[in-house]
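A quick write-up on the structure given underneath.
The values are calculated or read from the model by the stated rules, or taken from the named source; none is laboratory data. It should be emphasised that the depicted structure is a prediction, and the values quoted were computed from it without experimental measurement. Don't worry about glycine lacking a Cβ; one is built from the backbone with ideal geometry, like all the others, and counts go over all protein chains shown. SASA here: full protein model, heavy atoms, side chains in, ligands and nucleic acids out. Shrake-Rupley method; radii C 1.70, N 1.55, O 1.52, S 1.80 Å.
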Amino acid sequence: VHLLHRASGEWRVVVEGVEANTSLRVHGDRLVGVTFRDAPNGRAVWASLADPSQWHTLVAERSDTVLGTFAIDSVAGELLLVASSVAVDRLERWPLAAEAASLRSVVSLGVASVVSLDSDAGLTVLATSEFTAPVTVSQLHPDGTRTPIDSADTSVLTDVVVRQVFYPSTDGTLVPMF
């Protein structure tokens, strides 16, 4: 990952020569994002634009949770982070102001397929797929309530059945599948 300072044309190295998925976004004078560098389940990080090679952990890796996509709610000053445990997702809200952040709230999602945020308007748009329902798109409010944005024609999905099953791996661990 390289960062271009558009005014000067200077490129700065953020990550180079490391095999790890990393996704970062600019938020004010920082880069904020999720990386799997030194964290097989993912961790949320931030780095100053002045020194993008020095990373700070915002949300530490957890052994029982895999981090997914994220968005930044610049109006609320929060990192919206999809966290998955046994293939069931939840949306976590973390403050961006502190290095040692504490979880503000959690919204249970079922199985989230996409999280997107219009940070210009502070509007969180969420597309989710639950165990027994088709994909829905809704606005997520700060209190965790959702307002549908668009209703899909579900008549074409009458024969679709979604269920979760578990199969043992070679070491006996139950692996969830859909």
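Any idea which residue in region 49-90 is farthest from PRO176 (Cα to Cα), counting only those that are among the hydrophobic types (A, V, I, L, M, F, W, C) and at pLDDT below 85? I'd like the intermediate steps shown before the answer.
The first filter runs over region 49-90 and keeps only residues among the hydrophobic types (A, V, I, L, M, F, W, C), leaving 49-50, 55, 58-60, 66-67, 70-72, 75-76, 79-83, 86-88.
Remaining after also requiring at pLDDT below 85: 75-76, 86-88.
Working: VAL75: 37, ALA76: 35, VAL86: 7, ALA87: 7, VAL88: 10 Å.
Among them, the one singled out is VAL75.
Pull up region 164-178, narrow it to residues that are open to solvent by 100 Å² or more (accessible area, probe 1.4 Å) and modelled with pLDDT of 75 or more, then point me to the one that is nearest to ARG93 (Cα to Cα). Once the filter is applied, the top-ranked residue is LEU174. For ALA121, are the conditions met, namely being at pLDDT 75 or above, assigned to a loop (DSSP other than H, G, I, E, B), open to solvent by 50 Å² or more (accessible area, probe 1.4 Å) and hydrophobic (A, V, I, L, M, F, W, C)? Here the answer is no, as ALA121 does not meet what is asked.
Restricting region 35-69 to residues that are closer than 24 Å to TRP11 by Cβ and assigned to a strand (DSSP E or B), the residue that is most open to solvent (accessible area, probe 1.4 Å) is HIS56.
Each residue in region 23-34 was checked for being in a loop (DSSP other than H, G, I, E, B) and hydroxyl-bearing (Ser, Thr, Tyr), and 0 of them qualify.
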